[in-house]
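Student: Take a look at this one; I'll ask things after.
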Amino acid sequence: MKRMNHTHVIVSYSHCNFNSRTTLKISKHKLFAKLSKCSFGLQQVYYLGHNVSGLGVAINKNKVQAVLDWPCPKNLKQLRGFLGFTIYYRRFIKQYAMVAALLANLLKKDNFKWDDFAHASFAALKIVVTQAPILALPDFSKPFVLETNALGMGIGAVLNQDHHLVTFFSKKLTASMQKQSAYTREFYAHYKKNANF
């Protein structure tokens, strides 16, 4: 029989107490849970392409590997598939819209031309997905810090809490918005970040 340390026992008791309360709430609201589909005492769970743990939320390693293994698109359908896959994880990638901008432009009618620039953008997007950070889970009882910026072709925002990244936001600007003053673009970044956070 293995000897358990005191901390482990406290964590286990706390977890059992939580499970008890959860079971009571399920019963109270006349909901059902199939025991064979339940897992208890896990340090990490896989959920909708993400790994969720006490550290935060990360892109699942299998999804990162899928991006790394993705072949160069040879047509619009393949490019749409790649961008659709990566855009799902845009909240993990700083300035996603700017990194993917050249590839997104190829989606326009009669604009698909795979050249060295497209290949470089494709490779850059793969790299930023592999370097995506673990995002902290937000604690709504604490204040957030929001930073925005307006670059030439896009806007971006970073939401932090206690010096931990919570999420990223970015948006490519229209051609007319790109011509606006830095002040106007920065104001637009503040407006869009409020709409998205």
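Student: On a 0 to 90° scale, report how tilted helix 6-28 is relative to the longest principal axis of the chain, with both axes built from alpha carbons and the result rounded to the nearest 10.
Tutor: 80 degrees
Student: To continue, here is another question. In degrees from 0 to 90, rounded to the nearest 10, what is the angle of the helix 182-196 Cα long axis to the longest principal axis of the chain?
Tutor: The angle comes out at about 30 degrees.
Student: In addition: In sequence order, what are the phi-derived ³J(HN,Hα) couplings for the range 56-62 according to the Karplus relation 6.51 cos²θ - 1.76 cosθ + 1.60 with θ = phi - 60°, rounded to whole Hz, with x for glycine and proline?
Tutor: Along the range 56-62, the couplings run x, 10, 9, 5, 4, 4, 5 Hz.
Student: At a 10 Å Cβ-Cβ cut-off, how would you order Ile127, Ile155, fewest neighbours first?
Tutor: Exposure proxy ranking, most exposed first: Ile127, Ile155.
Student: Still on this model: Pull out the extension gain between Ile134 and Tyr47, defined as 0.36 nm times the separation in residues minus the alpha carbon to alpha carbon distance; nm, one decimal.
Tutor: So the chain would gain 29.9 nm between Ile134 and Tyr47.
Student: So, one more: How far is the Cα center of the range 131-168 from the Cα center of the range 39-105, in Å?
Tutor: 18 Å
Student: So, one more: How much FRET efficiency would the formula 1/(1 + (r/R0)^6) give for Leu31 and Ser141, where r is the Cβ-Cβ distance and R0 is 22 Å, rounded to 0.05?
Tutor: 0.20
Student: Quick one: angle between helix 116-130 and the longest Cα principal axis of the chain, in degrees between 0 and 90, rounded to 10, please.
Tutor: 20 degrees
Student: Would you work out the charge dipole size for the chain about its Cα centre, treating the Cβ of every Lys and Arg as +1 and the Cβ of every Asp and Glu as -1, and quote it to the nearest 20 debye?
Tutor: 760 debye
Student: Set the Förster radius R0 to 30 Å, insert the Cβ-Cβ distance between Ala104 and Asn194 as r into 1/(1 + (r/R0)^6), and round the FRET efficiency to 0.05.
Tutor: Calculated transfer efficiency: 0.80.
Student: With θ set to phi - 60° and the Karplus curve 6.51 cos²θ - 1.76 cosθ + 1.60, what are the ³J(HN,Hα) couplings of the range 86-94 in order, to the nearest whole Hz, using x for Gly and Pro?
Tutor: 6, 5, 4, 9, 4, 5, 8, 10, 5
Only the coordinates and a few stated rules stand behind these numbers; no lab work does. Predicted model only: the values in this text are computed from it and were never measured. Note: ideal-geometry Cβ built from the backbone for every residue, glycine included; neighbour counts use all protein chains shown.
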